[in-house]
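Rule-based calculations on the coordinates, nothing more; no lab input. Source: prediction; values computed, not measured. Positions of Cβ are backbone-derived with ideal geometry, glycine not excepted, and every protein chain shown enters the neighbour counts.
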Amino acid sequence: MAKKQLTPQQQEYQELHSSYEKKRPVLKNCIYAFFIGGFICLIGQCLHVFFYTNFNFTEKTAGNPTVAVLIFLSTLMTGLGFYDRIAQIAGAGTAVPVTGFANSIASAAIEHRTEGYVLGVGGNMFKLAGSVIVFGTVAAFFIALIKTILMKVGVL
């Protein structure tokens with residue numbers, strides 16, 4: 001498809017627009033996302049080590065309470081308004097899977113709380129995260145089914 005030729009007025013407008021357009025600090029944003037996302041992961045790793053050294057967890061089973069605490073903290077920070085301020089600076093760095101997922105659910109619930117608890121919070125809480133939950137549940141079912149079949153056959 002051929003690109004449409006711009007009129008002289010349109011070209012002038014494009015030049016004027018590009019002169020006023022704010023330049024995005026891409027490198028700075030990437031550095032912020034890297035370090036803040038890494039810091040969130042560092043907190044998760046510290047919690048993981050804390051659980052398997054101080055409680056009766058193995059390295060494998062310490063992941064469950066670690067994820068639960070990360071979800072709780074990110075939901076609490078979303079409710080208090082801190083997570084959004086951090087996300088303004090870090091951008092994609094705060095979309096670390098567990099904390100970003102919890103933030104998306106809590107944000108949708110908070111946004112619709114004026115419509116009531118059932119229709120507002122309950123009905124809209126999973127709009128953003130619903131597809132992720134469905135995909136995760138279906139994928140886990142099929143993986144468990146394959147693993148069960150392989151164990152019955154004697155492969156695993």
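Things to note:
- Helices that extend 30 Å or more along their long axis by alpha-carbon positions and average at least 0.5 on the Kyte-Doolittle scale are, among the DSSP H runs of the chain, 26-54, 130-153.
- For Lys4, a cut-off of 17 angstrom between C-alpha atoms picks up these aspartates and glutamates, skipping any fewer than 8 places away in its own chain: Glu12, Glu15.
- Farthest towards the positive end of the charge dipole of the chain, among the residues His17, His48, Ser104, is the Cα of His48, using unit charges on the Cβ of Lys, Arg, Asp and Glu.
- Where only DSSP H runs of four or more residues are counted, the chain gives -23500 deg cm²/dmol as its mean residue ellipticity at 222 nm, each run worth -39500 (n - 2.57).
- Highest mean packing first, where packing is the average number of other Cβ atoms within 10 Å per residue, the peptides 25-35, 60-70, 10-20 line up as 60-70, 25-35, 10-20.
- Remark: the Phe34-Lys60 segment gains 6.7 nm on full extension, using 0.36 nm per residue and subtracting the alpha carbon distance.
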